[in-house]
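Structure first, commentary second.
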Amino acid sequence: MADLSTEFLGIRSPNPFWLASAPPTDKAYNVIRAFEAGWGGVVWKTLGEDPPVVNVNGPRYSTLLSPDRKVLGFNNIELISDRPLKVNLDEIRQVKRAFPDRAMIVSLMVPCTESSWRNILPQVEDTGADGIELNFGCPHGMSERGMGAAVGQVPEYIQRVTQWCKQYSRLPVIVKLTPNITDVRFPARAAKAGGADAVSLINTINSIMGVDLERMTMHPSTGGLGSHGGYCGPAVKPIALNMVAEIARDPATAGLPISGIGGVSTWRDAAEFIALGCGTVQVCTAAMVHGFRIVQDMCSGLSGFLDAQGYASVQELVGRAVPSVTDWRHLNLNHVDKAVINQDLCISCGRCHVVCEDTSHQAISATKNGQRHFEVKDDECVGCNLCVSVCPVPDCITLRSLQPGEVDARTGRPVSAEVLTWKEHPNNPMRQPAGSPAGSPA
């Protein structure tokens, strides 16, 4: 059986599944229940200075639901811990002593002054915690006070605070990055320059969940007024994966340990984050929707996958997919795919034909010999994958790659075995000869 245990920054945990800093990690009661259910670690809900913040006594959460009421996205306007600092620190010490084999990371957010960080860091270290996570990502409430995302959007601030933390604490420092930025590589580089031991991402995305059209107020609201919040859940996973991959493949940050966050709901989600370079994954929304025992399915599923693929440990999976991620300009423009419909699986719903006919390349016929029948027209198909995406039957429509020498019915030309990227393509007015350095612009 594959080994699920992880060692991240020297911090050991029995599996890579950590609860993210959020409502589920707000107090000892929750964290003890989480550890009893099998979570490998937690990031304790963000601590700040006393007096503690005050949360609204009204709707803090809202959801984007699918037609069958599955949670697609989750919005949160809750602030950092609203409990006294000493109460949190005492509970962290208590839980770590009771569960020495679990990872205990403490999330921190204090004003961007050296004295504030110098004061709180020794108090956290005294609890026996394994590491700290700097919350530079929270997009609501705290950012209005010059903290959270207000720090995470300025690389110079990230570097400076990280340097303070490395100066005043012996604990490993994880910098949590905001997605509310144009290019996540710059804050990641700043974190590394400041001495960060790792980064975690993504934090939540600025969002408004909707409008109550009868009352003409945003939804949800407190006393008729609302505020943008942090968006998370399954819907943000593609955004998170992209940002993780950008850091993992950036020469300036390649090799920097990453803890992946953003829409992890199943073992497969977790495996994708790990394959793109994450040493651990953090979960929030899935636990809030399904409860703590979901980790048991995640562990058994990941273990089964690793066994089936011949991996002996989680570590062997870390970063395996990173080399497959590149810039568009490096894609092979000589490659040709065609859609293929498996007639034995086709239920003749016609969705593939409708979307292709209305919005794509008119490459799927609707009848054959006067009967309802859906078939791909190779002379029109560009292999765009739209029909595969909308087909309700798994594996009914697939893509087939044409082999070198096969004739593309759409162009009438044989497929070339040579790789042709946009950099060398004759239509590119800035084309470069083959063999030019991969990093050069085109």
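The values are calculated or read from the model by the stated rules, or taken from the named source; none is laboratory data. Computed from a predicted structure; not experimentally measured. All Cβ positions, glycine included, derive from the backbone under ideal geometry; neighbour counts span all protein chains shown.
See the values below:
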quantity: Exclusive hit being among the β-branched types (Val, Ile, Thr), surrounded by fewer than 15 Cβ atoms within 10 Å (Cβ to Cβ), farther than 30 Å from Asp250 by Cβ and modelled with pLDDT of 95 or more, set Val382, Val393; calculated: Val393
quantity: Single condition Cys391 does not satisfy, out of (1) of a type in the set (A, V, I, L, M, F, W, C); (2) touching a helix residue (DSSP H, G or I) at 6+ places or on another chain (Cβ under 8 Å); (3) without any contact (Cβ under 8 Å) to a residue 40 or more places away in the chain; calculated: (3)
quantity: Residue satisfying all of: in the stretch 165-211; under 20 Å from the mean Cα position of the chain (by Cα) and of a type in the set (S, T, N, Q); nearest to Ile247 (Cα to Cα) among these; calculated: Ser200
quantity: Residue check for Gly131: of a type outside the set (Asp, Glu), at pLDDT 95 or above, within 18 Å of Ala22 (Cα to Cα) and in the same structural domain as Pro52 (by TED's automatic domain parsing); calculated: yes
quantity: Matching strands (runs of 3 or more DSSP E) fully within the stretch 1-67 where at least 1 residues are touching a residue at least 12 places away in the same chain (Cβ under 8 Å) and under 17 Å from Thr285 (Cα atoms); calculated: 17-19, 41-47, 61-65
quantity: Filter pass, Glu272 being within 22 Å of Asn135 (Cβ to Cβ) and acidic (Asp, Glu); calculated: no
quantity: Qualifying residue in the stretch 242-262 (condition: free of Cβ contacts under 8 Å to residues at least 40 places away in the same chain and in contact with a Gly (Cβ under 8 Å, 6 or more places away or on another chain)); calculated: no
quantity: Odd one out for Gly137, checked against (1) crowded, with 19+ Cβ neighbours inside 10 Å; (2) in contact with a Pro (Cβ under 9 Å, 6 or more places away or on another chain); (3) assigned to a loop (DSSP other than H, G, I, E, B); (4) modelled with pLDDT of 95 or more; calculated: (4)
quantity: Flag for Ser169 being free of Cβ contacts under 8 Å to residues at least 24 places away in the same chain and surrounded by fewer than 24 Cβ atoms within 10 Å (Cβ to Cβ); calculated: no
quantity: Selection status of Gly41, of a type in the set (Gly, Ala, Ser), within 22 Å of Gly260 (Cα to Cα) and crowded, with 24+ Cβ neighbours inside 10 Å; calculated: yes
quantity: Any hit, the stretch 79-102, residues being polar (S, T, N, Q), in the same structural domain as Lys192 (by TED's automatic domain parsing), at pLDDT below 95 and part of a strand (DSSP E or B); calculated: no
quantity: The stretch 248-274 - residue that is part of a helix (DSSP H, G or I) and over 12 Å from the mean Cα position of the chain (by Cα) and, of those, farthest from Val31 (Cα to Cα); calculated: Arg249
quantity: Top-ranked residue of the stretch 325-350 - restricted to ones that are surrounded by 14 or more Cβ atoms within 10 Å (Cβ to Cβ) and of a type in the set (Gly, Ala, Ser), ranked as nearest to Val415 (Cα to Cα); calculated: Ala339
